[in-house]
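J.: Attaching a single structure in structure tokens format; questions to follow.
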Amino acid sequence: MEVINKPQKRRSRIYSSEARVAYICLIPAFLGLFFLTYLPLAGVVGISLTNWTGLKSPQFVGLDNYVKLFTTDPYIKDSIIATIYFAVLSVIGSMIYSLFIAMLLNRKIPARGFFRAIFYVPYVLPAVAIYVGWSWLYEGNFGFFNYVLSELGLNKILFIADSSYVVPSLSLISIWLAGNLIVIFLAGLQNVPGVYHEAAEMDGANGWKRFCHITLPCMTPIIFYNLLLSLIANLQVVTPALALTNGGPGNSTRFLTYLMYDQAFVNYKLGYASATTVIIFAILAVFTVVLFKTSNFWIYNEGGDDK
Amino acid sequence: MSVAAYGRLRSKKRRNMAMNILTFVVVVIFAMLAFFPIWWIFRTSLMSNAEIYQYPPSLIPQNWLFSNYTKTLEVFKFWKYLWNTMIIIVPSCLAGTFTATLCGYAFARLRFRGKRLIWTLCIGSMLLPAMVTLIPLYIGWTRGLGLNDSYLPLILPFFCGGGAFNIFLIRQFIMSIPRELDQAGTIDGAGYFRILFSIIMPAIRPAMIVVALFIFIGLWNDLLQQMIYINSSDKFTIALGLTNFRGQLKSDWSLTMAATCLSFAPGVIFYLIGQRYFVEGITLTGLKN
């Protein structure tokens, strides 16, 4: 952090050659920030105010697309609900799962590297293959999960073909994919000073108490980071809908990004889809801001320790 | 040490031992659960269709039908898809890593006007979800530059810094390297680029590998963008090929699972080779924030 706030020095010739090198190094970043980030960001807002379909030249229609989205669009409400439902389930589930596994792996157990690899490996497999593979486990008649249900004497469930089960079923896959969160948590746990635990043990605190009063507070910055990472990723969910469900059954998996894809690249309503994009962006921004705002209350800062 | 204290210590040791055994058992159970889906997919890929529908299903195939894979490869052009995927991934990884290193170096070490502003813009773009820019970029690449059915819209963005997150990662890593190293270079008369190439780059090799891995994973997991930009089936990537294959052979589960396993393979191999860096890199991102 020390580099940015360097006191301003008198600009000498060395300094200007340094700056020249810097600008050359930053050419890719300039291009990327301008053409791939901020110009398209402005573009999406601009296009959302038009009725562009890709065929005729676009016409300015003001906020029509937004009005239509909120009044007559048959999908947007279901879509928002599905997205938030999926994201909340996946984020909560994967946070609990990954912290739990990380705490197990943080103890002295044999073959720790091997186990870490097992939990991590789903993360490096291509997402499409994961969803296709799991669709077989979820299959309605002969899938593994239905075999278990029938062994337990329960009725079969059409996991991904039943609108009330499909979102939790997909969330379970997303929880299973949280290997990267486990590794980050594990690294964080290894940074929790052992002295704290020893001191607490001396005072007679049991395992659960130590978890609540030492591990959790020390881990809050990492929890925040993982929460943010997982929330942003899960709110943009689209691959299972593209690869597996096509938004169905009904509209139960018509996630917002899928809705946008459908509007823009199947129906070629580019203006309308851009308005949807802006809405997704707004939802993501709200979640992110809320997370940041509340973070002051629950993130434990170890005396300004620079983490 | 008094006898009582010794006893306490021993009972504590014993309790710890019991806890460790319990933990190990729980870890083994969870690891089996976590690995189970992959095994189930793999075992299905080696079974005949009759065996798949058997009740109760068996955990291990009776005959290991590797012929399923030959059959799958007739329709699922795995090698072609893999090649196509690599045509996208390899240049992206190289260019992304290189340009991210250049930018990270500038932000970490060099002084120039407007640094704060550019850095803020860069960090700000990290919070911008990728799908927000999808439609304008699509219009730009296809309408503006006429790149229809081309890999370039997927590759070229990586020539532009490889994403703010990767620039951030490299910058953090360079900042953790003592400046004395650079200064030693300066005294020897090395220029800024010389310092970057012969002092900084060797020192941040782990971070560069990590960035390459992240770009790899991102492209590996992507379906949406590939779907949008690539149309013709002879340009299909693994993700597109598998989606398409599943649509064709919806009911033939053993062949579909064989195709799935084939798609798993490169990721697993890649992971086994780069495991150390994967773990190191992910750790790096979590802690340097």
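J.: If B:LEU224 passes every condition in (1) touching a residue at least 24 places away in the same chain (Cβ under 8 Å); (2) in contact with a Gly (Cβ under 9 Å, 6 or more places away or on another chain); (3) of a type in the set (A, V, I, L, M, F, W, C) but one, which one does it miss?
T.: All conditions are met except number (2).
J.: If you go through region B:173-198, how many residues are more than 13 Å from B:LEU110 (Cα to Cα) and buried (at least 18 other Cβ atoms within 10 Å of the Cβ)?
T.: Matching residues across region B:173-198 total 2.
J.: If we keep just the residues of region B:202-252 that are of a type in the set (Ser, Thr, Tyr) and in a helix (DSSP H, G or I), which is farthest from B:LEU262 (Cα to Cα)?
T.: Going through region B:202-252, the residues of a type in the set (Ser, Thr, Tyr) turn out to be B:229, B:232-233, B:237, B:243, B:251.
Next, only the ones that are in a helix (DSSP H, G or I) stay: B:229, B:233, B:243.
Values: B:TYR229: 24, B:SER233: 18, B:THR243: 13 Å.
That would be B:TYR229.
J.: Where in region B:3-80 are there helices (runs of 4 or more DSSP H), lying fully within it, with 3 or more residues that are facing another protein chain (nearest Cβ under 10 Å)?
T.: B:3-45
J.: Are any of the residues in region A:150-173 part of a helix (DSSP H, G or I), within 13 Å of chain B (Cβ to nearest Cβ) and in contact with a Lys or Arg (Cβ under 8 Å, 6 or more places away or on another chain)?
T.: Among the residues of region A:150-173, at least one is part of a helix (DSSP H, G or I), within 13 Å of chain B (Cβ to nearest Cβ) and in contact with a Lys or Arg (Cβ under 8 Å, 6 or more places away or on another chain), which makes the answer yes.
J.: Quick one: how many residues across region A:40-53 are at the interface with another protein chain (Cβ under 8 Å from one of its Cβ atoms) and either surrounded by fewer than 16 Cβ atoms within 10 Å (Cβ to Cβ) or closer than 12 Å to A:GLY271 by Cα (or both)? If you could, list the steps in order and put the result at the bottom.
T.: So the first thing to find is which residues in region A:40-53 are at the interface with another protein chain (Cβ under 8 Å from one of its Cβ atoms), and the list is A:40-41, A:43-44, A:47.
After this cut, where a residue has to be either surrounded by fewer than 16 Cβ atoms within 10 Å (Cβ to Cβ) or closer than 12 Å to A:GLY271 by Cα (or both) as well, the list is A:43-44, A:47.
Residues meeting the conditions: 3.
J.: If you don't mind, there's one more thing I want to ask. Pick from region A:54-106 the residues that are under 21 Å from A:TYR261 (Cβ atoms) and β-branched (Val, Ile, Thr): which of them is surrounded by the fewest Cβ atoms within 10 Å (Cβ to Cβ)?
T.: Per the stated criteria, the residue is A:THR72.
J.: Let me ask something else about it. Of everything in region B:123-148 that's more than 7 Å from every other protein chain (Cβ to nearest Cβ), at negative phi and assigned to a loop (DSSP other than H, G, I, E, B), which residue is surrounded by the most Cβ atoms within 10 Å (Cβ to Cβ)?
T.: B:LEU147
J.: Take the conditions in contact (Cβ under 8 Å) with a residue 60 or more places away in the chain and part of a helix (DSSP H, G or I) and apply them to A:THR277. Does it pass? If you could, list the steps in order and put the result at the bottom.
T.: Working: in contact (Cβ under 8 Å) with a residue 60 or more places away in the chain: yes; part of a helix (DSSP H, G or I): yes.
Here the answer is yes, as A:THR277 does meet what is asked.
J.: For A:GLY93, work out the one condition from (1) over 30 Å from B:ALA18 (Cα atoms); (2) under 16 Å from the mean Cα position of the chain (by Cα) it doesn't fulfil.
T.: Failing condition for A:GLY93: (1).
J.: Out of the residues in region B:186-231 that are at pLDDT 90 or above and facing chain A (nearest Cβ under 9 Å), which is farthest from B:PHE270 (Cα to Cα)?
T.: B:ILE228
J.: Could you figure out which of (1) facing chain A (nearest Cβ under 7 Å); (2) free of Cβ contacts under 8 Å to residues at least 40 places away in the same chain isn't true of B:LEU110?
T.: The failed condition is (2).
J.: Do we have B:ARG111 as more than 22 Å from the chain's Cα centre (by Cα), surrounded by fewer than 20 Cβ atoms within 10 Å (Cβ to Cβ) and either in a loop (DSSP other than H, G, I, E, B) or outside the structural domain of B:ASN84 (by TED's automatic domain parsing) (or both) here?
T.: On the way: more than 22 Å from the chain's Cα centre (by Cα): yes; surrounded by fewer than 20 Cβ atoms within 10 Å (Cβ to Cβ): yes; either in a loop (DSSP other than H, G, I, E, B) or outside the structural domain of B:ASN84 (by TED's automatic domain parsing) (or both): yes.
Yes, satisfied.
J.: Can you tell me which residues in region B:126-179 are within 30 Å of A:TRP52 (Cα to Cα) and among the β-branched types (Val, Ile, Thr)?
T.: B:VAL132, B:THR133, B:ILE135, B:ILE139, B:THR142, B:ILE155
J.: Looking only at residues in region A:45-89 that are charged (D, E, K, R) and in a helix (DSSP H, G or I), which one is farthest from the chain's Cα centre (by Cα)?
T.: Top of the filtered list is A:ASP64.
J.: If the requirement is being loosely packed, with under 15 Cβ neighbours inside 10 Å, in contact (Cβ under 8 Å) with a residue 12 or more places away in the chain and out of contact with any strand residue (DSSP E or B) (no Cβ under 8 Å at 6 or more places or on another chain), which of these qualifies: B:ILE41, B:ILE60, B:ILE29?
T.: B:ILE60
J.: Inspect all residues belonging to region A:270-292 and state whether any of them is of a type in the set (A, V, I, L, M, F, W, C), under 14 Å from A:SER79 (Cα atoms) and touching a Gly at 6+ places or on another chain (Cβ under 8 Å).
T.: no
The values are calculated or read from the model by the stated rules, or taken from the named source; none is laboratory data. Everything quoted here is computed from the prediction, not taken from an experiment. With ideal geometry, Cβ positions are generated from the backbone for all residues, glycine too; neighbour counts draw on all protein chains shown.
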